[in-house]
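Since the structure comes first, as structure tokens, the remarks are kept for the end.
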Amino acid sequence: MKNKIKKFLIIVSTFMLLTGCAQERILEQLGIITAIGLDKGEEEREVFGSFVTYKFSQQLSNESTPIYSYGRTARDAYNQAFSKTAKQLVTGQLRAVLYGPELAKEGIWPHLNGLQRNQFVTDLLYVTVTDMPAKEVLSAQIYEEAPNVGIYIYKLLDQVVGKEQIIDSSLHEFTKNYMKIGADPITPVLSKKDDRVIVTGLGLFQDDRLMEIIDLREAFYVRLILDEFKAGELQVELPTENYRQFMEDFDPSPEEESFEMTVQQVRSSSTITVKEPENNRFGLDINFEGEIRELNKEIDLESEEVIRMLEKDLSKIIEDNITKILEKTQELNVDSFGFGTFWNSTFKGNKKLSEEEWRKEYPNFQFDVNVKTKILRHGITQ
Amino acid sequence: MKNPLNIPEHLKFRASYLFFILFNILIGVGVVALPRRVFQHAKQDSWLVIIITAVIAHLLLAIIIFILKTYKGTDLYGILQETFGNWLAKVFGYLFIVYFFIVYLSALTKYTEFIVVFIFPQHSRFIIGFLMTILIAYCIYGGIRVIVGVCFLFFLLSFWLNGVLAVPATMIDTNNYFPLFEIDRNGLFNGLLVSAYSFLGIEVLWYLYPYIRNKEKTMLYSQLGLFATVIALLGYVIISIGFFAPKQLESLIWPGFVMFKVISFSVFERLDIFAVSFWKFIILPNLILYAWLMTRSLKRIKHIKQKHSIWGIIILSSIGLHFIDTQRQLEHLLKIADYSGLFFTFLFPILLLPFAIIKRIRGAKNEKQN
């Protein structure tokens, strides 16, 4: 009997002690931030923050405006935003940060550091820059089925990265490349067009400063060097001249100087090696495979010769484009491809480049670009 | 023998459970900080340092088992009594208790620190820690077989978490591992010292040995347990070297948890928070084993009932939890635990080894004479 009472008391006391929430968070009372836009403020050393939040109201209004605030740092702007909404702002669902062009040119690390330090912010968040003020981009009103523009940006970037049009740029990747000696970060560039957020290209950074924006066509070649393709797509322009004899069978014989070709299911791999250390010469070997999907002129694809010519021309075009991009990065002195890390992982001791040496040396690096192209098949027609 | 231990047969367990016990006591709070701590000294050759330390740990484990075998079925206190006499044995016994307490307290504070930093910043660490100690008391009340069972079950529950690291493993940058063998003597030494801390805990065998039913298998299973630990530690170290930039790895306090930040499932978006709470399954057996070690040695020295002494330990650790509230104090405590651990885990067996060898030789002579 006594034992039963004892057991009963223990059970009751556990109910008493262990029920209840540690920290109450009621969904309707939270302002869940999905995207943050940061711009340069009006005064010196001031940032302007735009915070996009979820809305959980019954009446869905089409109009959605972010919360705006000023602050000395990104964190301060976030704290200032507290006084502008009745909801408790939380960052656990943050999907993207957007940095306006002026801020990005000055350096974004001071405003990113806080996010990286915050344990509630996921490392998978997208770090992006915008080519117009971030406030503008976040005020876009068309965002398809997404509940708000922040989620839309996240889905958009997910889709574009998935399609292998740009390289992945999560907070983790950015921090890693920023901290690495011998590599510079790259981020996607967002813009607004017809009230929609769009991806326009890639931003090349030197440390944490935006130096150059390249378009999506060039972004293909950046990815070709940095990453591997599993199912990419490439559009190139080829001169008609060499192929005229193979087009003769088809009417009418083309007048234009060039024709377009789309290669799909692109698979690629790239290897970077230090070739001649004394001349700072690197070898960049790229294997490129793909299928011809579209030609806007009829060519006799049956003949082996044409395929071989196409392969050769493709290799040349890719090599030229890559060389162009490499020259551009050398002019700007941004080592987006991490040649410095390849150098440093090859040599020990004195031959290793320190951060300053690497900045000084990078424009003098030489590259041997070598592309091997293989056309696997050409669709379901001859 | 002065103090023959008569462990009742129903309290003994099979040697195969040693695998889980050793894995549980070795993998604890330390593993999330280990990559950074080793990397600070050994850079990209950290994996090499871990392998060297692991070899030393395997040897030490063999030495401990050799000594225990020589003294047939008694535990550390019995051995000390036989070699040094009653008085010194007591001194060493108490020193060991103090050491166990420091390790126990530092593990407890560090885990509550995880919870406070990652999940509930507003919570008092005292309450989190106190709730955990109740579970520990429950296990001590249950006795050794419950403890072994907990180790086994929690191993099964928590082991898969290491497998999730396959996700960050796909994101590694192989450049980070090269050039190989760049480490200098200083870095090697400091790296060895730091990585030695993650092998504290093999001293659990000193007190567990009498409880093993089939003692001839002790060597096999405890070495296997240690080996599994080494594989797990190597996994953490190698993946985090590739995953982070060198400077970044040095700046992170708990790279182990930060790696979980990039894992996201459609049904579970933030695995890092889940991992921190799930880490309890890894910490709890660890704490329980240390609590058992303390109460067990108190029982051997002072004949205090384990059910009584555990409350003393809980009260003391709660007081400790209350007073250690900054990260710096915690670091101090960890340092004390690490340095004393070096002595008690790594040097102590070597100290006892000559005595055991002499005893063996004498024993062999006696047998010949008979």
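Only one of B:Thr345, B:Thr326 is touching a Gly at 6+ places or on another chain (Cβ under 9 Å) and at pLDDT below 90; which?
Just one listed residue meets the conditions, B:Thr345.
Of all residues being surrounded by fewer than 21 Cβ atoms within 10 Å (Cβ to Cβ) and more than 20 Å from the chain's Cα centre (by Cα) in region B:14-40, which is nearest to B:Cys151 (Cα to Cα)? Just the residue, please.
Within region B:14-40, the match that is nearest to B:Cys151 (Cα to Cα) is B:Arg14.
Scan region B:156-163 and give yes if some residue there is more than 11 Å from chain A (Cβ to nearest Cβ), buried (at least 18 other Cβ atoms within 10 Å of the Cβ) and under 18 Å from the mean Cα position of the chain (by Cα), otherwise no.
Of the residues in region B:156-163, the ones more than 11 Å from chain A (Cβ to nearest Cβ) are B:156-163.
In the following step, the residues that additionally are buried (at least 18 other Cβ atoms within 10 Å of the Cβ) were identified as B:158.
Checking the rest, the ones that are also under 18 Å from the mean Cα position of the chain (by Cα) come to B:158.
Checking region B:156-163: at least one residue is more than 11 Å from chain A (Cβ to nearest Cβ), buried (at least 18 other Cβ atoms within 10 Å of the Cβ) and under 18 Å from the mean Cα position of the chain (by Cα).
If you take just the helices (runs of 4 or more DSSP H) that sit entirely in region A:278-382, which of them hold at least 1 residues that are among the aromatic types (Phe, Trp, Tyr) and within 14 Å of another protein chain (Cβ to nearest Cβ)? Show your work before the answer.
Values: elements: A:304-332, A:339-346, A:355-361.
Because the criterion is at least 1 residues that are among the aromatic types (Phe, Trp, Tyr) and within 14 Å of another protein chain (Cβ to nearest Cβ), the helices (runs of 4 or more DSSP H) in region A:278-382 that meet it are A:339-346, A:355-361.
Can you tell me which residues in region B:255-290 are of a type in the set (Val, Ile, Thr) and within 11 Å of another protein chain (Cβ to nearest Cβ)? Give the steps one after another, and end with the answer.
To start, the set of residues in region B:255-290 that are of a type in the set (Val, Ile, Thr) comprises B:258, B:262-263, B:267, B:273, B:276, B:282-283, B:288.
Those that are of a type in the set (Val, Ile, Thr) and within 11 Å of another protein chain (Cβ to nearest Cβ): B:Val258, B:Val262, B:Ile263, B:Ile273, B:Val276.
Residues to consider are B:Leu284, B:Leu293, B:Leu252; find the one that is surrounded by 15 or more Cβ atoms within 10 Å (Cβ to Cβ) and more than 22 Å from the chain's Cα centre (by Cα). Explain how you work it out, then say what you get.
Working: B:Leu284 fails: more than 22 Å from the chain's Cα centre (by Cα); B:Leu293 fails: more than 22 Å from the chain's Cα centre (by Cα).
Only one candidate passes the filter, namely B:Leu252.
If you check A:Glu289 against the conditions, is it free of Cβ contacts under 8 Å to residues at least 40 places away in the same chain and either in the same structural domain as A:Phe365 (by TED's automatic domain parsing) or touching a strand residue (DSSP E or B) at 6+ places or on another chain (Cβ under 9 Å) (or both)?
So A:Glu289 does not fit the description; no.
Being β-branched (Val, Ile, Thr), part of a helix (DSSP H, G or I) and out of contact with any Lys or Arg (no Cβ under 7 Å at 6 or more places or on another chain) is the filter here, so list the residues in region B:290-310 that pass it.
If the condition is that a residue be β-branched (Val, Ile, Thr), part of a helix (DSSP H, G or I) and out of contact with any Lys or Arg (no Cβ under 7 Å at 6 or more places or on another chain), then B:Thr295, B:Ile310 are the ones that fit.
Read through the list (1) in contact with a helix residue (DSSP H, G or I) (Cβ under 8 Å, 6 or more places away or on another chain); (2) in the same structural domain as A:Glu164 (by TED's automatic domain parsing), then give the number of the only condition that A:Val222 fails.
(2)
Consider only pairs whose beta carbons are under 7 Å apart and that are at least six residues apart or on different chains; among these, list those whose first residue lies in region A:86-100 and is closer than 14 Å to A:Asp39 by Cα and not assigned by TED's automatic domain parsing to the domain that holds A:Leu171 and whose second residue is among the aliphatic types (A, V, I, L, M) and crowded, with 21+ Cβ neighbours inside 10 Å.
none
Given the criteria surrounded by fewer than 18 Cβ atoms within 10 Å (Cβ to Cβ), over 27 Å from A:Glu164 (Cβ atoms) and either assigned by TED's automatic domain parsing to the domain that holds A:Thr240 or among the aliphatic types (A, V, I, L, M) (or both), does A:Lys324 qualify? If you could, list the steps in order and put the result at the bottom.
Numbers: surrounded by fewer than 18 Cβ atoms within 10 Å (Cβ to Cβ): yes; over 27 Å from A:Glu164 (Cβ atoms): no; either assigned by TED's automatic domain parsing to the domain that holds A:Thr240 or among the aliphatic types (A, V, I, L, M) (or both): yes.
Judged against the criteria, A:Lys324 is not a match.
Please state which of the following conditions A:Ala104 fails to meet, knowing it meets all the rest: (1) modelled with pLDDT of 85 or more; (2) closer than 19 Å to A:Tyr178 by Cβ; (3) within 14 Å of chain B (Cβ to nearest Cβ).
Here A:Ala104 clears every test but (3).
Just one of B:Val91, B:Val49 is surrounded by fewer than 22 Cβ atoms within 10 Å (Cβ to Cβ) and either at pLDDT 90 or above or not hydrophobic (A, V, I, L, M, F, W, C) (or both); which is it?
Answer to the check: B:Val91.
For the condition at pLDDT below 85 and either in the same structural domain as A:Pro188 (by TED's automatic domain parsing) or of a type in the set (Lys, Arg) (or both), what is the one hit in A:Asn118, A:Asn79?
The unique qualifying residue is A:Asn118.
Can you find a residue that is part of a helix (DSSP H, G or I) and away from chain A (no Cβ under 14 Å) anywhere in region B:112-125?
Kept after step one, since they are part of a helix (DSSP H, G or I), are these residues of region B:112-125: B:112-118, B:125.
Subsequent filtering for residues that are away from chain A (no Cβ under 14 Å) retains none.
No.
Residue-wise test of (1) assigned by TED's automatic domain parsing to the domain that holds A:Val129; (2) under 30 Å from A:Lys55 (Cα atoms); (3) touching a Pro at 6+ places or on another chain (Cβ under 6 Å).
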| residue | (1), (2), (3) |
| --- | --- |
| A:Val161 | yes, yes, no |
| A:Ile167 | yes, no, no |
| A:His172 | yes, yes, no |
| A:Tyr178 | yes, no, yes |
| A:Arg196 | yes, yes, no |
| A:Thr200 | yes, yes, no |
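Give the residue, chosen from B:Ile324, B:Ile315, that is among the hydrophobic types (A, V, I, L, M, F, W, C), surrounded by 18 or more Cβ atoms within 10 Å (Cβ to Cβ) and farther than 23 Å from B:Leu80 by Cβ. Walk me through how you get there before you give the answer.
Numbers: B:Ile315 fails: surrounded by 18 or more Cβ atoms within 10 Å (Cβ to Cβ).
None of the other options fit; the residue is B:Ile324.
When region B:160-192 is examined, which residues are found to be among the hydrophobic types (A, V, I, L, M, F, W, C) and farther than 21 Å from B:Val262 by Cβ?
Initial filter on region B:160-192 (among the hydrophobic types (A, V, I, L, M, F, W, C)): B:160-161, B:164-167, B:169, B:171-172, B:178, B:180-181, B:183, B:188-189, B:192.
Result: B:Phe178, B:Leu180, B:Phe181, B:Ile183, B:Leu188, B:Phe189, B:Leu192.
Among the residues of region A:106-144, what is the count of those that are closer than 18 Å to A:Val199 by Cα and polar (S, T, N, Q)?
The total comes to 4.
In the list A:Thr34, A:Thr128, which residue meets the criterion of being part of a strand (DSSP E or B), within 14 Å of chain B (Cβ to nearest Cβ) and under 26 Å from A:Ile142 (Cα atoms)?
Being part of a strand (DSSP E or B), within 14 Å of chain B (Cβ to nearest Cβ) and under 26 Å from A:Ile142 (Cα atoms) holds for just one of A:Thr34, A:Thr128, which is A:Thr34.
Find the residue count for region B:312-334, including only residues that are assigned to a helix (DSSP H, G or I), more than 22 Å from the chain's Cα centre (by Cα) and touching a residue at least 40 places away in the same chain (Cβ under 8 Å).
1
Has region B:32-39 got any residue that is of a type in the set (Phe, Trp, Tyr) and touching a residue at least 12 places away in the same chain (Cβ under 8 Å)?
Within region B:32-39 (the criterion being of a type in the set (Phe, Trp, Tyr) and touching a residue at least 12 places away in the same chain (Cβ under 8 Å)), the answer is yes, since at least one residue qualifies.
Considering only region B:230-254, how many residues are within 8 Å of another protein chain (Cβ to nearest Cβ) and of a type in the set (Gly, Ala, Ser)?
Qualifying residue count for the region: 2.
The values are calculated or read from the model by the stated rules, or taken from the named source; none is laboratory data. This is a predicted model, so every value here is computed, not measured. Because the Cβ atoms are built from the backbone with ideal geometry, glycine has one as well, and the counts that use them run over all protein chains shown.
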